[in-house]
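Read through the structure below, which is laid out as structure tokens, and then see the notes.
The values are calculated or read from the model by the stated rules, or taken from the named source; none is laboratory data. Just so it is clear, the model here is predicted, and its values are computed rather than measured. Cβ placement follows ideal geometry from the backbone for every residue including glycine, while neighbour counts extend to all protein chains displayed. When the accessible area is computed, the model is the full protein with side chains, heavy atoms only, and any ligands, DNA or RNA have been set aside. Shrake-Rupley method; radii C 1.70, N 1.55, O 1.52, S 1.80 Å.
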Amino acid sequence: MDPFKAYLIEGSPESVRAGFTQLAEAQLDPGEVTVRLQYASVNYKDALAATGKGRIIRRFPCVGGIDAAGVVESSSSPRFRPGDAVAVHSHGFGVSHHGGYAQWAQVPADWVNALPAGLTPLDAATIGVAGYTAALAVDLMELNGIAPARGPLLVNGATGGVASISIDMLARLGYEVVAVTGKPAEAGYLKELGAASVVAASGLQTGSRPLESAQWQGAVDSLGGEPLAGLIRTTQKDGVIASIGNAAGIAFSSTVMPFILRGVRLIGVNSDNDVPLRERLWQRLATDLRPRHLERIRNVVPFEALPRVIEEVIAGRNRGRNVISLQDAA
Ligand SMILES: NC(=O)c1ccc[n+]([C@@H]2O[C@H](COP(=O)([O-])OP(=O)(O)OC[C@H]3O[C@@H](n4cnc5c(N)ncnc54)[C@H](OP(=O)(O)O)[C@@H]3O)[C@@H](O)[C@H]2O)c1
């Protein structure tokens, strides 16, 4: 293996710096599977990690990138053979173990998913940890009783990665999706993905009383903070809210009234799952949950553009999924 290009996050939790460098094979972390990476993506968490705006990195230095896709070069695990197309994400990838912003990765087999038929590495990177987490949220919400006939489902932070794929998936399943966004100028994009209606975040009516008029059967929440508190008090009886993210903050205040008088269920979603669940959800992502608008959702850019994309994500100017092409990088 020749020296290869990587985007390395260095320093300490108090002082993070990130930039391109060359790594040698001997600098790869240990792992059963060696993958020639083709694509990675830029998640909100990646932007926090690379800028130090969130305490994400657990080991310095660390190649960033919490998800990537490519082809297996070698494997000591019987689950994989050279030539298998795979996606790598979650656990320590890009956090405490070199991640996806490099042309090679070596990782534990449990972090690797063989791509089901019909999904290319580019599709898998477009889906990435964002789409996987959206699928997990839908799966958990189904277990908790959501159904298309029960009324509208809200998705906030709607132009984001998790949300864009959630909208696409839920519309495909027949749900009436209400997309809530801070970028109402993107209403056309959100309707193309399948949103039935688009509401500007500034115009969302969620009141402040312990219980407000019940408007949705549930929600996919990427924001946390006070937007989540508003969803809790406006969700219908036996509704389900999937708490995925914290783009608007980690703290919120609520009373217990929506839980004990309406049976509202607030369910946590965490993408660090064991192999059987990961395999089942990737299978769903290739079949009944397969997003129908991956080409519309993805924005593919060369490796060199990574620092610019990170800035856009931090500034909240991104839309959909930013996919980094790692191939042919100088
Ligand atoms: N639980 C898990 O395992 C897991 C997995 C993946 C992601 N996440 C979390 O899920 C969240 C979304 O991730 P992502 O990759 O989809 O991020 P993203 O692509 O950056 O999308 C986040 C969206 O939230 C909205 N937003 C951004 N900053 C905001 C602010 N200060 N106040 C209100 N809205 C804001 C924007 O949408 P609009 O402009 O359209 O409103 C933005 O596009 C993040 O918090 C991420 O850490 C969690």
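Below, the figures for the structure above:
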{"quantity": "Filtered residues of the range 255-285 (kept if in contact with a Gly (Cβ under 8 Å, 6 or more places away or on another chain), open to solvent by less than 20 Å² (accessible area, probe 1.4 Å) and not in a loop (DSSP other than H, G, I, E, B))", "calculated": "Leu285"}
{"quantity": "Selection from the range 115-156 of residues that are away from the ligand (no atom under 16 Å from the Cβ), under 16 Å from Val88 (Cα atoms) and in a helix (DSSP H, G or I)", "calculated": "Pro121, Leu122, Asp123"}
{"quantity": "Meets criteria (of a type in the set (Asp, Glu) and either open to solvent by 40 Å² or more (accessible area, probe 1.4 Å) or under 28 Å from Lys45 (Cβ atoms) (or both)) for Glu212", "calculated": "no"}
{"quantity": "Only one of Lys45, Lys53 that is among the basic types (Lys, Arg) and either in a strand (DSSP E or B) or over 15 Å from Val129 (Cβ atoms) (or both)", "calculated": "Lys53"}
{"quantity": "Qualifying residue in the range 54-62 (condition: closer than 18 Å to Val323 by Cα and aromatic (Phe, Trp, Tyr))", "calculated": "no"}
{"quantity": "Which numbered condition Gly182 misses (of (1) away from the ligand (no atom under 12 Å from the Cβ); (2) surrounded by fewer than 19 Cβ atoms within 10 Å (Cβ to Cβ); (3) not acidic (Asp, Glu))", "calculated": "(1)"}
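For (1) within 30 Å of Arg317 (Cα to Cα); (2) among the polar types (S, T, N, Q); (3) not assigned by TED's automatic domain parsing to the domain that holds Ala50, each residue gets a yes or a no:
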{"residue": "Ala69", "(1), (2), (3)": "yes, no, no"}
{"residue": "Glu73", "(1), (2), (3)": "no, no, no"}
{"residue": "His98", "(1), (2), (3)": "yes, no, no"}
{"residue": "Ala105", "(1), (2), (3)": "yes, no, no"}
{"residue": "Ala147", "(1), (2), (3)": "no, no, yes"}
{"residue": "Leu153", "(1), (2), (3)": "yes, no, yes"}
{"residue": "Gly160", "(1), (2), (3)": "yes, no, yes"}
{"residue": "Ser164", "(1), (2), (3)": "yes, yes, yes"}
{"residue": "Met169", "(1), (2), (3)": "yes, no, yes"}
